[in-house]
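Okay, so here's the structure we're looking at.
The values are calculated or read from the model by the stated rules, or taken from the named source; none is laboratory data. Computed from a prediction, not measured in an experiment: that's the story for all the values here. Every residue, glycine among them, receives a Cβ derived from its backbone with ideal geometry; neighbour counts consider all protein chains shown. Heavy atoms of the whole protein, side chains included, go into the accessibility calculation; ligands, DNA and RNA do not. Shrake-Rupley method; radii C 1.70, N 1.55, O 1.52, S 1.80 Å.
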Amino acid sequence: LRLDKDGHIWTTDVGSHRVMKFNSHGKLLLSLGTGKAGAGDHEFNKPTDLAFGSHGEFFVTDGYGNTRVLKFAPSGKLLHQWGTPGKRDGEFNLPHSIVMDRQGRLLVGDRENERIQIFDQSGHWLATWPGFAPYGLAFDQSGQLYVADARANQVIRLTADGDVEKRWGRK
């Protein structure tokens, strides 16, 4: 569940393999996916998260069944996609979460590879921050990044360089 800058409510539905956009009254504005698992341009296989660009474009991590990130125009037209299974830079093992930082970089929580990978908006790999299993990522209003690491049973606050600044929580 994510909210965009205009207050629209977006969901990823792993059961129906869809991404949906609603207004604040619950009216469906956009639905992507065919309702069946797939790897085609208009299909998802259990999509996991969304992030938003500054011009209405949006990015979807399609992580459980596929290992990719998809970039869409505001209309829902597919613009680009990247990612294959693996452990090398630009490869994924369950891209589970995605956020965009203030510099316009995409941070993708590559959960089962226990890292965050950073990309530009065209999918070019920029950096990798290892050391945690990101189940969720979020920025606060000041731009501070938080990682929900369910494997470690912790919330982790990272510096702008991906270093651990603070951890809390326990099993």
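What to note about this one:
- Among the residues of the stretch 141-164, the ones that are among the charged types (D, E, K, R) and at pLDDT 95 or above come to 2 in all.
- Of the residues examined, Q117 is not one that is open to solvent by 40 Å² or more (accessible area, probe 1.4 Å), touching a residue at least 12 places away in the same chain (Cβ under 8 Å) and in contact with a strand residue (DSSP E or B) (Cβ under 7 Å, 6 or more places away or on another chain).
- Answer residue from the stretch 50-101, given it is under 24 Å from D149 (Cα atoms) and among the small types (G, A, S) and is farthest from the chain's Cα centre (by Cα) among those: G86
- Residue among V108, V69 that alone is open to solvent by less than 20 Å² (accessible area, probe 1.4 Å), in contact (Cβ under 8 Å) with a residue 40 or more places away in the chain and under 15 Å from H42 (Cα atoms): V69
- So L29, is it part of a strand (DSSP E or B) and closer than 23 Å to S122 by Cβ: no
- Here F44 fits the description: in contact with a His (Cβ under 6 Å, 6 or more places away or on another chain) and buried (at least 18 other Cβ atoms within 10 Å of the Cβ).
- The residues of the stretch 33-56 that are assigned to a strand (DSSP E or B), touching a Leu at 6+ places or on another chain (Cβ under 9 Å) and farther than 18 Å from L137 by Cβ amount to a single one, F44.
- If you go through the stretch 3-19 and pick out every residue that is closer than 20 Å to L137 by Cα and surrounded by 13 or more Cβ atoms within 10 Å (Cβ to Cβ), you end up with 9.
- The residues of the stretch 123-171 that are within 15 Å of G104 (Cα to Cα), open to solvent by less than 60 Å² (accessible area, probe 1.4 Å) and either part of a loop (DSSP other than H, G, I, E, B) or in contact with a His (Cβ under 8 Å, 6 or more places away or on another chain) (or both), listed by number, are G123, G143, Q144.
- Residue match in the stretch 102-116 (condition: of a type in the set (D, E, K, R), more than 21 Å from D149 (Cβ to Cβ) and at pLDDT 95 or above): no
This table checks each residue for (1) open to solvent by 30 Å² or more (accessible area, probe 1.4 Å); (2) under 24 Å from G162 (Cβ atoms).
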| residue | (1), (2) |
| --- | --- |
| T48 | no, yes |
| G53 | no, yes |
| G63 | no, yes |
| A73 | no, no |
| K77 | yes, no |
| T84 | yes, yes |
| G90 | no, yes |
| R102 | yes, yes |
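- Only a single item in (1) open to solvent by less than 20 Å² (accessible area, probe 1.4 Å); (2) out of contact with any Gly (no Cβ under 9 Å at 6 or more places or on another chain); (3) farther than 15 Å from Y135 by Cα; (4) not in a loop (DSSP other than H, G, I, E, B) is not met by F59, and it is number (2).
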